[in-house]
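Colleague: Could you have a look at this structure, given as C-alpha cells, before my questions?
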C-alpha cells in the first residue's frame, strides 16, 4: 500500500512528497524541494528507509533539499531524472536567476524514460515524459492508487510556466492532453505547487487546457 506525506517547503512553497510502501517501509522522495532534514526526520520517525530521490524536473525549488537528505544516508540514494534536464541540474536548477545558489546533491544515476516503471516495494510508478515546463519534465503515475505526481506540468485550475529556459507552451499543452487527460477522471493530481486536484476537475474547469 502506498503512503504519501506532503511537505510544502522553501522560497517557492514547493510540494515535496515522501512516499513509501507501508509493508516494506521502502521510501522515496519525489521532488525534495527544500529543508531536506525535515523530510528525513519525518521518514526516520516513521521507520521508512529513503533509498530513492525522483525528480519530475530539475528546477532549483524541486531539488533544493536533496543534498541534506543524501548527506545523512549511506549508501547514497539513487537519483532519477530525465536526461534532457541534466544540463539544468548541473546549473543548480537555474537558481541563480532568482538569487539562489544551491547544492544539487548527488549526481542523477537513473535516466527516466517514457513508459519506464519504478518500483518501491510492491508499488509501481509509471514514468510519463511530459516536456513543456522544462525539456525533461516527467510525471509519476501509480495506476493501482489512481494518483499522479505531476510536478509543474499542471496545477489546480492552472498550468506550469513556459517562460523559463527550456519551456514551450505548445509542448506543455500537448503533454497535458496526451499524458494527463488520458488518465481516469478520478485520478488525483499531486502538483509541485498548490492543492491537489483531479483529472476530471481539470478537464472540465482548467481555463488554460480544459474542455471547451
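The values are calculated or read from the model by the stated rules, or taken from the named source; none is laboratory data. Note that the coordinates shown come from a computational prediction; the quantities given were computed from them, not determined experimentally. For neighbour counting, all protein chains shown are included, and Cβ atoms are generated from backbone atoms with ideal geometry for every residue, glycine included.
Colleague: Which one is nearest to residue 147 (Cα to Cα), of the residues in region 195-205 that are surrounded by fewer than 21 Cβ atoms within 10 Å (Cβ to Cβ) and in contact (Cβ under 8 Å) with a residue 40 or more places away in the chain?
Modeller: Step one: list which residues in region 195-205 are surrounded by fewer than 21 Cβ atoms within 10 Å (Cβ to Cβ), which gives 195-196, 198, 200-201, 203-205.
Subsequent filtering for residues that are in contact (Cβ under 8 Å) with a residue 40 or more places away in the chain retains 196, 201, 205.
Values: 196: 10, 201: 14, 205: 19 Å.
Filtering first and then ranking leaves 196.
Colleague: Does residue 35 count as over 15 Å from residue 67 (Cβ atoms) and surrounded by fewer than 24 Cβ atoms within 10 Å (Cβ to Cβ)?
Modeller: Numbers: over 15 Å from residue 67 (Cβ atoms): no; surrounded by fewer than 24 Cβ atoms within 10 Å (Cβ to Cβ): yes.
Spelling it out, it is not the case that residue 35 is over 15 Å from residue 67 (Cβ atoms) and surrounded by fewer than 24 Cβ atoms within 10 Å (Cβ to Cβ).
Colleague: Output the number of the condition that residue 124 fails; it satisfies all remaining conditions of (1) part of a strand (DSSP E or B); (2) in contact (Cβ under 8 Å) with a residue 40 or more places away in the chain.
Modeller: (2)
Colleague: Regarding region 185-198, can at least one residue be identified that is in contact with a helix residue (DSSP H, G or I) (Cβ under 6 Å, 6 or more places away or on another chain), modelled with pLDDT of 95 or more and within 21 Å of residue 4 (Cα to Cα)?
Modeller: Quick first cut of region 185-198, residues in contact with a helix residue (DSSP H, G or I) (Cβ under 6 Å, 6 or more places away or on another chain) only: 185, 187.
When the remaining residues are screened for being modelled with pLDDT of 95 or more, the result is 185, 187.
Going one step further and asking which of them are within 21 Å of residue 4 (Cα to Cα), we end up with 185, 187.
Yes, region 185-198 contains a residue that is in contact with a helix residue (DSSP H, G or I) (Cβ under 6 Å, 6 or more places away or on another chain), modelled with pLDDT of 95 or more and within 21 Å of residue 4 (Cα to Cα).
Table: residues versus (1) in contact with a helix residue (DSSP H, G or I) (Cβ under 9 Å, 6 or more places away or on another chain); (2) part of a loop (DSSP other than H, G, I, E, B); (3) surrounded by fewer than 12 Cβ atoms within 10 Å (Cβ to Cβ).
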site: 84; (1), (2), (3): no, no, no
site: 89; (1), (2), (3): yes, no, no
site: 94; (1), (2), (3): yes, no, no
site: 100; (1), (2), (3): yes, yes, no
site: 105; (1), (2), (3): yes, yes, no
site: 108; (1), (2), (3): yes, yes, no
site: 115; (1), (2), (3): no, yes, yes
site: 118; (1), (2), (3): no, no, no
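Colleague: Name the single residue, out of those in region 51-68 being surrounded by fewer than 24 Cβ atoms within 10 Å (Cβ to Cβ) and touching a strand residue (DSSP E or B) at 6+ places or on another chain (Cβ under 8 Å), that is nearest to residue 112 (Cα to Cα).
Modeller: In the first step, residues of region 51-68 are kept if they are surrounded by fewer than 24 Cβ atoms within 10 Å (Cβ to Cβ); the result is 51-52, 67-68.
Retained after the next criterion (residues that are touching a strand residue (DSSP E or B) at 6+ places or on another chain (Cβ under 8 Å)): 51-52.
Values: 51: 16, 52: 13 Å.
The selected residue is 52.
Colleague: Would you confirm whether or not region 162-178 contains a residue that is in contact with a strand residue (DSSP E or B) (Cβ under 6 Å, 6 or more places away or on another chain), crowded, with 16+ Cβ neighbours inside 10 Å and in a loop (DSSP other than H, G, I, E, B)? Break it down stepwise before answering.
Modeller: Initial filter on region 162-178 (in contact with a strand residue (DSSP E or B) (Cβ under 6 Å, 6 or more places away or on another chain)): 176.
Within this subset, residues satisfying the condition of being crowded, with 16+ Cβ neighbours inside 10 Å are 176.
Checking the rest, the ones that are also in a loop (DSSP other than H, G, I, E, B) come to none.
Within region 162-178 (the criterion being in contact with a strand residue (DSSP E or B) (Cβ under 6 Å, 6 or more places away or on another chain), crowded, with 16+ Cβ neighbours inside 10 Å and in a loop (DSSP other than H, G, I, E, B)), the answer is no, since none of the residues qualifies.
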